[in-house]
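Let me begin by presenting the structure, written as structure tokens, before commenting on it.
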Amino acid sequence: MNPLRLLILAVLCYILYRLLTGDGKRVEKGGSSRLESRDVLVEDPVCKVCVPKKQAFSLEEHGKTTYFCSDECRKKFINGKGE
Ligand SMILES: [Zn+2]
């Protein structure tokens, strides 16, 4: 078989595919719409690092929530306060 024919066939398949799947603009959008708005950054007061709220370790005291990058930082914060 002529390789050029294969190429034409491939192009035709591609065009057909595009026609079947809409205008093709769909691909650009979409993607990571799952982690928008809820992914708020919070600052760790111990090491001053910003971490996504969802991944942060939180400590609630006196009705105020403080967020940390790790359990280690949270412990440091608690220990530092006690002294
Ligand atoms: Zn930290």
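Give me the percent of the accessible area of region 39-83 that comes from carbon and sulfur atoms, probe 1.4 Å, all protein chains in place.
Here carbon and sulfur together make up 50 percent of the probe-accessible area.
How much net charge surrounds Cys73 when only the other residues with a Cβ under 14 Å from the Cβ of Cys73 are counted, with Lys and Arg +1 and Asp and Glu -1?
On the way: positive: Lys48, Arg74, Lys75, Lys76, Lys81; negative: Glu43, Asp44, Asp71, Glu72.
Every neighbour counted, the sum reads +1.
Once amide H atoms are placed 1.01 Å from N in the peptide plane, what residues at a sequence separation of 5 or more from Val42, or on another chain, have their amide H within under 5 Å of its amide H?
Sorted by chain and number, the residues that satisfy this are Val51, Lys53.
Where does each of 9-21, 50-62, 68-80 land if you order them by average Cβ count within 10 Å, highest first?
68-80, 50-62, 9-21
In sequence order, what are the phi-derived ³J(HN,Hα) couplings for region 46-51 according to the Karplus relation 6.51 cos²θ - 1.76 cosθ + 1.60 with θ = phi - 60°, rounded to whole Hz, with x for glycine and proline?
Once θ is set to phi - 60°, the couplings for region 46-51 become 7, 10, 6, 9, 8, 10 Hz.
What is the gain in length, in nm to one decimal, between Leu19 and Thr65 on full extension, counting 0.36 nm per residue of separation less the C-alpha to C-alpha distance?
Numbers: separation 46, 0.36 × 46 = 16.56 nm, distance 5.23 nm.
Gain on extension, Leu19 to Thr65, equals 11.3 nm.
Residues of region 39-83: accessible area per residue at 1.4 Å, in Å²?
Details: 3290 Å² over 45 residues.
On a per-residue basis, 73 Å².
The values are calculated or read from the model by the stated rules, or taken from the named source; none is laboratory data. Note that this is a predicted model, so its numbers are computed, not measured. Reconstructed Cβ throughout: ideal geometry from the backbone, glycine too, with neighbour counts over all protein chains shown. Note: accessible area is taken over every heavy atom of the protein model, side chains too, but ligands, DNA and RNA are not part of it. Shrake-Rupley method; radii C 1.70, N 1.55, O 1.52, S 1.80 Å.
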